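*Asks:* My questions will all concern the structure given below.
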Amino acid sequence: MKSPLMLKRRRQHFIWLGAVVVVALIPRIFGDGYSQTVILTIGLYAIFGIGLQMTMGTGGILNMGHAAFIGIGAYSSGIVTVHGGTAWAGMLTGIVVSGALALIVGLPILRLRSLYLAIATLCIALAITNITGFWTPVTGGQNGLFGIQPFAVGDFTFTELPSQIYLIWGFLLFAVMIRINLRYSVVGREFEAIKDSDLATSSLGINHGARRLQIFVIGSVIGAVGGSLYATYLSAITPDLFGFQLLIQIFVLVSLGGMLSLWGAPIGAIAVVCLHEFLIPAISGGAPGPIELVIFGVILVVVMIFAPNGVTDQIVITGRQLLYLARRKRRSDVPAEPETTAVSPNAKKVVV
């Protein structure tokens with residue numbers, strides 16, 4: 001008899017094997033360049049979403065500056081490769097810079113709560129955007145940074161779309177694996193408890209301030225990794241790529257996929273990219289333009305009102321409730337068996 005834990009681990013192994021097979025077949029199933037570009041963009045946005053899921057879903061931190069850390073990863077890779085370094089060195093630089101910045105700014109601002117924390121992170125994002133926009137000798141300023149080199153392993157360079165899909169989706173699977181392991185670890189359970197009640201976790205000896213800072217750094221680093229991949233894919237970046245529009249898209253992504261859902265980021269990325277590529281241009285009659293922000297804003301407000309934990313989580317919860325009601329109704333429809341009274345063979349007959 002196998003334990004539930006062993007069955008759960010075996011099921012996870014099959015899920016991972018299926019995910020690897022799907023990623024391997026994607027470039028062969030979608031052969032044309034446009035479809036491959038859409039698949040690649042979904043992978044990038046899913047990595048962005050996992051970083052925000054870490055801070056908001058796991059840590060309960062309302063982070064309005066996530067797009068800025070994506071920009072830090074992108075500009076770090078761009079600056080390093082433009083000056084002769086490799087893309088791997090640029091990604092490592094972005095990880096170090098974003099992690100150090102998240103640690104430095106997280107120490108004071110994570111003492112804030114709710115709206116004050118959101119305003120503080122938004123101010124940091126605006127400051128970083130202004131720095132990249134006006135530090136022309138280093139970042140290229142408003143004209144952008146050009147000539148960013150792609151990733152390479154030996155003599156092989158990730159320049160073709162299929163190879164870039166393998167690279168980006170490989171990092172995506174790795175990010176999902178980190179999130180799954182964190183979710184079911186002791187530290188992950190501490191994060192869940194901290195999000196529910198700071199007072200209760202403090203009474204148990206858990207340093208909720210240090211834990212919140214850790215998850216803020218982890219989410220920022222994952223965002224920087226996605227930004228590094230984004231920059232090497234585009235080979236040219238400008239400050240407006242990491243502004244308010246990207247932040248709204250990531251918020252919609254996480255809201256649709258679910259803050260706590262392990263596979264919510266890829267699901268939300270599919271929804272956001274399909275909206276951006278197909279539905280919104282059809283509504284606007286051409287390029288998305290300013291109407292995209294309006295549509296994404298309406299979607300975000302509606303989801304936050306009717307499904308604050310995410311559409312995916314709400315669908316799962318509703319499905320479980322319907323299944324419970326169906327089982328309960330089926331049990332009530334079964335006729336009850338007539339009651340029988342057992343008589344002992346040694347019982348004495350009473351004569352009146």
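The values are calculated or read from the model by the stated rules, or taken from the named source; none is laboratory data. Since we're looking at a predicted model, the values are computed, not measured. Virtual Cβ from ideal backbone geometry, glycine too; neighbours counted across all protein chains shown. Remember, those area values only see protein heavy atoms, side chains included, never the ligands or the DNA or RNA. Shrake-Rupley method; radii C 1.70, N 1.55, O 1.52, S 1.80 Å.
*Asks:* What are the pairs with Cβ atoms under 7 angstrom where one residue, in segment 144-165, is closer than 19 Å to V38 by Cβ and the other, located anywhere, is surrounded by fewer than 19 Cβ atoms within 10 Å (Cβ to Cβ) and among the hydroxyl-bearing types (S, T, Y)? Sequence gap at least six, or different chains.
*Replies:* L161/T37
*Asks:* Does any residue in segment 175-193 that is in contact (Cβ under 8 Å) with a residue 12 or more places away in the chain and at positive phi come within less than 6 Å, Cβ to Cβ, of a residue that is surrounded by 13 or more Cβ atoms within 10 Å (Cβ to Cβ) and of a type outside the set (K, R) six or more places away or on a different chain, and which pairs are these?
*Replies:* none
*Asks:* Could you give me the residue pairs with C-beta distances under 9 Å whose first residue belongs to segment 241-252 and is within 20 Å of F146 (Cα to Cα), whose second residue is outside any helix (DSSP H, G or I) wherever it lies, and which are 6+ apart or on separate chains?
*Replies:* Partner pairs satisfying both residue conditions: L241/G144.
*Asks:* Okay, moving on. Go through segment 206-217 and count every residue that is in contact (Cβ under 8 Å) with a residue 40 or more places away in the chain and closer than 24 Å to S77 by Cα.
*Replies:* Residues meeting the conditions: 3.
*Asks:* Something else about it: Which pairs have Cβ atoms under 8 Å, sit 6 or more apart or on different chains, and link a residue in segment 304-324 that is more than 12 Å from G264 (Cα to Cα) and free of Cβ contacts under 8 Å to residues at least 12 places away in the same chain to one that is hydrophobic (A, V, I, L, M, F, W, C) and in a helix (DSSP H, G or I)?
*Replies:* Close Cβ pairs (under 8 Å, with a partner that is hydrophobic (A, V, I, L, M, F, W, C) and in a helix (DSSP H, G or I)) do not exist here.
*Asks:* When you scan segment 8-61, how many residues do you find that are modelled with pLDDT of 75 or more, among the aromatic types (F, W, Y) and open to solvent by 40 Å² or more (accessible area, probe 1.4 Å)?
*Replies:* Result for segment 8-61: 1.
*Asks:* Another question about this same structure. Please work out which one of (1) closer than 30 Å to V138 by Cβ; (2) among the polar types (S, T, N, Q); (3) without any contact (Cβ under 8 Å) to a residue 60 or more places away in the chain; (4) crowded, with 24+ Cβ neighbours inside 10 Å is the condition S220 fails and give its number.
*Replies:* The failed condition is (3).
*Asks:* Could I ask something else about it? Out of curiosity, is G226 surrounded by 20 or more Cβ atoms within 10 Å (Cβ to Cβ), of a type outside the set (D, E) and under 16 Å from the mean Cα position of the chain (by Cα)?
*Replies:* So G226 fits the description; yes.
*Asks:* If M64 satisfies all but one of (1) open to solvent by 30 Å² or more (accessible area, probe 1.4 Å); (2) more than 17 Å from L241 (Cα to Cα); (3) modelled with pLDDT under 90, what's the number of the condition it fails?
*Replies:* For M64, the failing item is (2).
*Asks:* For segment 97-140, which positions are outside any helix (DSSP H, G or I) and within 18 Å of L62 (Cα to Cα)?
*Replies:* Within segment 97-140, L110, R111, L112, R113 meet the criteria.
*Asks:* Among the residues of segment 72-91, is any open to solvent by 60 Å² or more (accessible area, probe 1.4 Å), modelled with pLDDT of 85 or more, assigned to a helix (DSSP H, G or I) and under 22 Å from A46 (Cβ atoms)?
*Replies:* Checked segment 72-91: at least one residue is open to solvent by 60 Å² or more (accessible area, probe 1.4 Å), modelled with pLDDT of 85 or more, assigned to a helix (DSSP H, G or I) and under 22 Å from A46 (Cβ atoms).
*Asks:* Another question, then. I want to confirm something. Restricting to segment 204-217 and keeping residues that are outside any helix (DSSP H, G or I) and aliphatic (A, V, I, L, M), which single residue is most open to solvent (accessible area, probe 1.4 Å)?
*Replies:* Once the filter is applied, the top-ranked residue is L204.
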